[in-house]
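The values are calculated or read from the model by the stated rules, or taken from the named source; none is laboratory data. What you are looking at is a predicted structure, and each value in this text was computed from that prediction instead of being measured. Cβ: placed from backbone, ideal geometry, glycine included. Neighbour counts: every protein chain shown.
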Amino acid sequence: MKYWQQKDLQYIWHPCSQMKDYEDFPPIVIERGEGPYIYDMEGKAYLDAVSSWWVNLFGHSNKRINKAIKDQCDRLEHVIFANFSHKPAIELAERIVQITPAELKKVFFADNGSSAIEVALKLSYQYHRQRGAVAKTKFVAITDSYHGETLGALAVGDLDLYSRIFKKLTMKTYKALGPDCYRCFYGHRREDCCAPCFENLEKLVEKKHREICGVIIEPLIQGAAGMKIYPPVYLQKLRELCSRYHIHFIADEIAVGFGRTGKMFACEHAGVSPDIMCLSKGLTAGYLPLALTLVTEEIYQAFYADYTEMKAFMHSHSYTGNPIACAVANESLNIFRDENVLEKNLHKSRLMGLLAREKAENHRYIGEFRQLGMVGALELVEDKATKKAFDWRKRVGYNIYKIALEKGVLLRPLGNVIYFMPPYVVGEKEIELMINTAFAAIDQYFGTD
Ligand SMILES: *Cc1c(COP(=O)(O)O)cnc(C)c1O
């Protein structure tokens, strides 16, 4: 083990890690980044095929964003956001309202994705209370959902890996069986599906709507569940259902926002406007923690009253609306505008699909290659015919990840799903490297090379 790795393990408790794993696989200490690559202390390059946990958009140490940070630091680093404001936040709020679905009109600031979810849940709950619907105390989510890891966010999530041990600490929520297009119970295909599986959510809401504040969902891609992709028609049905019962459609676009799915926001694929939308991750192009919760005018108005009516939303975070983070977010939007990013990504995502699909179809241990825009995923299975998953104890994905790292590509998997979610600055060369290395690592692990 190298000096910095020893020092690291002496003091640091890493996220989402069994620290004992680091005994024989210590953390890789990164010294610098450039474009889609990061470099360790020995100068070894790694292609960042997961955008450093889904946040990076325009590469590491991007010159334009670096400059925006320096300029903002020289003017104002931070200021209290209650009763005070600043140009970067005002400009960002206006631009975000302009580019998000039409009904979203007001922006509440937070500083990470989970907090944006907490804000969404609290707003929804308080909204209904202030309109007299005091029986509404519950939220609905679908199976395999992920919305972050604070206690409120965990409660609306459904991944046992993160939430099981905390069940007694978290509020009760309703979970409806969600779409599962690879292992569809209805025998449908994703491409031409009318989402009959929506009936599970529909029945639940029909029965319980008097107690329900809202339905929270990751639009089109259930990220942490393994990049599970489902069709837009599901969201159209959800919009209709929420309107029918006057409950909130809460869209968690934290992972899929800012172009990941090929459109700026995933809800656009379905042409729906949610009542509440959460944004973070790509918001600052992978630079700084910042999050937004957007709401409709109608929600905003339910809180707007004389002070003594006590209807204000009393929620705050110390670093709320941080000016440097806002300046970065504005510069990121400038890059989208100036550099035709979504159009260029179209070509990149086509290449990704072209290279991965055929190889996946012929591979003994790959059950499915699925893709939406700049997100692609390979689901590894023990048996292609029965779609039987590998025993999680074998840690197949984790072992393939280690092989790929040796080969210079960072492909951190989700269980046994290897996915591609590269920064938008990847070129054809990097896309080829990413796909070829993934398959080489898979083959090396299974001995199928
Ligand atoms: C990452 C993520 C979150 C949580 O964001 P954090 O900033 O990690 O707290 C919530 N929802 C989705 C869909 C995410 O991918």
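Within region 356-366, is there a residue that is part of a loop (DSSP other than H, G, I, E, B), at pLDDT below 95 and over 21 Å from residue 55 (Cα atoms)? First the steps, then the outcome.
First pass over region 356-366, keeping only residues part of a loop (DSSP other than H, G, I, E, B): 362-365.
From what is left, the residues that are at pLDDT below 95 are 362.
With the extra rule that they be over 21 Å from residue 55 (Cα atoms), the set shrinks to 362.
Checking region 356-366: at least one residue is part of a loop (DSSP other than H, G, I, E, B), at pLDDT below 95 and over 21 Å from residue 55 (Cα atoms).
Just a yes or no: is a residue in region 259-266 among the basic types (Lys, Arg) and either closer than 30 Å to residue 133 by Cα or in contact with a strand residue (DSSP E or B) (Cβ under 8 Å, 6 or more places away or on another chain) (or both)?
Yes: region 259-266 contains one or more residues that are among the basic types (Lys, Arg) and either closer than 30 Å to residue 133 by Cα or in contact with a strand residue (DSSP E or B) (Cβ under 8 Å, 6 or more places away or on another chain) (or both).
Would you mind stating whether residue 113 is buried (at least 20 other Cβ atoms within 10 Å of the Cβ), under 17 Å from residue 215 (Cβ atoms) and within 16 Å of the ligand (Cβ to nearest atom)?
Values: buried (at least 20 other Cβ atoms within 10 Å of the Cβ): yes; under 17 Å from residue 215 (Cβ atoms): no; within 16 Å of the ligand (Cβ to nearest atom): yes.
Taking the combined requirement at face value, the residue does not satisfy it.
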Problem set entry | The lone exception for residue 210 - which of (1) surrounded by fewer than 21 Cβ atoms within 10 Å (Cβ to Cβ); (2) touching a Lys or Arg at 6+ places or on another chain (Cβ under 6 Å) it fails | (2)
Exercise. Across region 26-58, which residue is nearest to residue 11 (Cα to Cα) among those that are surrounded by 23 or more Cβ atoms within 10 Å (Cβ to Cβ) and away from the ligand (no atom under 16 Å from the Cβ)?
Worked result: 48
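Is it fair to say residue 437 is β-branched (Val, Ile, Thr) and in a loop (DSSP other than H, G, I, E, B)? Break it down into steps so the answer makes sense when it comes.
Values: β-branched (Val, Ile, Thr): yes; in a loop (DSSP other than H, G, I, E, B): no.
When the stated conditions are applied, residue 437 does not pass them.
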For this session: Using the structure shown, decide if residue 252 is crowded, with 24+ Cβ neighbours inside 10 Å, closer than 23 Å to residue 180 by Cα, charged (D, E, K, R) and touching a residue at least 60 places away in the same chain (Cβ under 8 Å).
Result: yes
Exercise. What single numbered condition from (1) more than 16 Å from the ligand (Cβ to nearest atom); (2) surrounded by 20 or more Cβ atoms within 10 Å (Cβ to Cβ) fails to hold for residue 153?
Worked result: (1)
Seminar exercise, completed: From the option list 104, 121, single residue qualifying as away from the ligand (no atom under 16 Å from the Cβ) and touching a strand residue (DSSP E or B) at 6+ places or on another chain (Cβ under 7 Å) is 104
Exercise. Would you pick out the residues in region 211-257 that are more than 16 Å from the ligand (Cβ to nearest atom) and out of contact with any helix residue (DSSP H, G or I) (no Cβ under 9 Å at 6 or more places or on another chain)?
Worked result: 211, 240, 243
Exercise. How many of the residues in region 261-319 are in a loop (DSSP other than H, G, I, E, B), within 18 Å of residue 336 (Cα to Cα) and more than 16 Å from the ligand (Cβ to nearest atom)?
Worked result: 3
For this session: Determine if region 338-359 includes at least one residue that is free of Cβ contacts under 8 Å to residues at least 24 places away in the same chain, surrounded by 14 or more Cβ atoms within 10 Å (Cβ to Cβ) and farther than 22 Å from residue 226 by Cβ.
Result: yes
Exercise. Among all residue pairs at least 6 apart or on different chains, which show Cβ distances below 9 Å where the first residue, located in region 87-104, is buried (at least 23 other Cβ atoms within 10 Å of the Cβ) and the second is polar (S, T, N, Q) and modelled with pLDDT of 95 or more?
Worked result: 88/72; 88/322; 88/330; 89/322; 92/330; 100/273; 104/273; 104/296
Problem set entry | region 390-424, subset in a loop (DSSP other than H, G, I, E, B) and crowded, with 22+ Cβ neighbours inside 10 Å, residue nearest to the chain's Cα centre (by Cα) | 421
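Determine which member of the set 195, 141, 133 is of a type outside the set (Val, Ile, Thr), modelled with pLDDT of 95 or more, touching a Lys or Arg at 6+ places or on another chain (Cβ under 7 Å) and more than 15 Å from the ligand (Cβ to nearest atom). Steps first, answer last, please.
Values: 141 fails: more than 15 Å from the ligand (Cβ to nearest atom); 133 fails: touching a Lys or Arg at 6+ places or on another chain (Cβ under 7 Å).
Only one candidate qualifies: 195.
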Seminar exercise, completed: Listed by first then second residue, the pairs whose first member lies in region 110-135 and is of a type in the set (Val, Ile, Thr), whose partner is away from the ligand (no atom under 15 Å from the Cβ), with beta carbons under 8 Å and at least 6 positions apart or on separate chains, are 119/108; 119/315; 134/128
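Could you list, in sequence order, the residues of region 118-176 that are hydroxyl-bearing (Ser, Thr, Tyr) and more than 21 Å from residue 53 (Cβ to Cβ)?
Here is the first cut: in region 118-176, the residues hydroxyl-bearing (Ser, Thr, Tyr) are 124-125, 127, 137, 143, 145-146, 150, 162-163, 170, 173-174.
Within region 118-176, 124, 125, 127, 137, 143, 170, 173, 174 meet the criteria.
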